[in-house]
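Presented below is the structure to which this report refers.
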Amino acid sequence: MEFILNLSCPDKAGLVRTVSNWLYDKKCNIIDSDQFGDPKSRNFFMRVHFQGGGNDPSFEKRLKKSFSDISTKHRMSWGLWPISEKPKVMIMVSKQDHCLVDLLYRAKNGELPIKIALVVSNHNDAYPIVSAEGIDFLHVSSKDKSKMEQELLSEVERRNIDFVVLARYMQILGPAVCSRLPGRIINIHHSFLPGFKGARPHHQAFERGVKLIGATAHYVTTDLDEGPIIEQGIERIDHRMDTKTLAAVGKDIERIVLAKAVRYQAEHRILLNGQRTVVFH
């Protein structure tokens, strides 16, 4: 069996040795490991991919129980997951479906280690695409936002959703949702944050004569488009490109950046570091 362990805690000498010794004592073999000590926050971050336990179904439970004593001693925030279990994902989308289609394709072909449990939209445009893949689709109305958000949270709980992806979902999620799912909602933004917010971003870019356009994947917080950044991408453009061309280039960047962010989340490669992230590629 293969597992992922990630953790963060106040930095001090001997933390790598502590984790390595624990794995050795449990007769586990480290496949790969990465760590980072942040001199600014004075926090330590680590991700370990390891193998052990054979086919013992109780091994995961015993690992978690034994590591809890270590985590308490070193004030660690941590998680441990078997690689064989794909996280359950809810995707939210409005009318633009390019990111949704890309995620469906990558998940179907094994490029993303996720199970798409539900697609939610405030429009019905994406229903035929989702239905063709045999995935549940939920249409929600934004007229009663409080009721809609409670419906979303109920679905998250009922389906044991691990994280939510806003694949060009053009409605703002309120504090009730954001506070319940910290570090579990990923959004794709059509710019380098915080530039070109709001509607018609590529028209704004065209008017400003920009030479680079990009996209940013970030966690959703109660502060609009201000959550910790996970991944960013750019493409060079020039004066020959009109707004339609800019939009097409922008969609390509959004697909790639969002897919990377979803994979990092699914593979437990992201650790929060205050308002920033540590991402072990």
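The values are calculated or read from the model by the stated rules, or taken from the named source; none is laboratory data. Owing to the predicted nature of the structure, the values given are computational and were not obtained by experimental measurement. When we count neighbours, we look across all protein chains shown, and the Cβ atoms used for this are built from the backbone with ideal geometry, even at glycine. Surface accessibility is based on the protein's heavy atoms, side chains included, excluding ligands, DNA and RNA. Shrake-Rupley method; radii C 1.70, N 1.55, O 1.52, S 1.80 Å.
Here are some notes:
- Accessible area per residue for the chain, computed on protein heavy atoms with a 1.4 Å probe, is 53 Å².
- For region 205-265, with all protein chains in place and a probe radius of 1.4 Å, 48% of the accessible heavy-atom surface sits on carbon or sulfur.
- An oblate overall shape is assigned to region 53-98, the ratio a/c of its alpha-carbon gyration tensor axes (a ≥ b ≥ c) being 1.5 or greater and a/b not exceeding b/c.
- Gln51 paired with Asp32, simple spin-label distance in nm, labels 7 Å along Cα-to-beta-carbon: 1.4
- Relative to the longest principal axis of the Cα atoms of the chain, the long axis of helix 59-74 makes an angle of roughly 90 degrees.
- For His74, the solvent-accessible surface with a 1.4 Å probe is about 20 Å², rounded to the nearest 10.
- Considering only the chain, percent of DSSP beta bridges that pair antiparallel, nearest 5: 70
- Eligible aspartates and glutamates near Lys27 by straight Cα distance, threshold 14 Å, same-chain separation 8 or greater: Glu2, Asp56, Glu60
- Other residues within the sphere of radius under 15 Å centred on the Cβ of Lys40, judged by their own Cβ, net out at 0 (K and R +1, D and E -1).
- Among the trypsin sites (Lys or Arg not before Pro) found in region 1-109, those both in a DSSP coil and sparsely packed, with 16 or fewer other Cβ atoms within 10 Å of their Cβ, are Lys12, Lys26, Lys27, Lys40, Arg42, Arg75, Lys95.
- About the Cα centre, charge dipole magnitude for the chain (Lys/Arg +1, Asp/Glu -1 at Cβ), debye: 520
- Mean residue ellipticity at 222 nm, helices only, the chain: -10500 deg cm²/dmol; runs of at least 4 DSSP H residues each add -39,500 (n - 2.57), and the sum is divided by the number of residues.
- Under 20 Å from the Cα of Lys115 - lysines, other chains or at least 8 residues apart: Lys86, Lys88, Lys260
- Between Asp242 and Asp11, the contour length at 0.36 nm per residue exceeds the Cα-Cα span by 78.1 nm.
- For region 234-281, a simple Cβ point-charge model (Lys and Arg +1, Asp and Glu -1, everything else neutral) yields a dipole of about 100 debye relative to the Cα centre.
- DSSP bridge pairs, region 1-148: antiparallel proportion in percent, nearest 5: 70
- Neighbourhood charge, 11 Å Cβ-Cβ cut-off, centred on Val156 and excluding it, Lys, Arg +1 and Asp, Glu -1: 0
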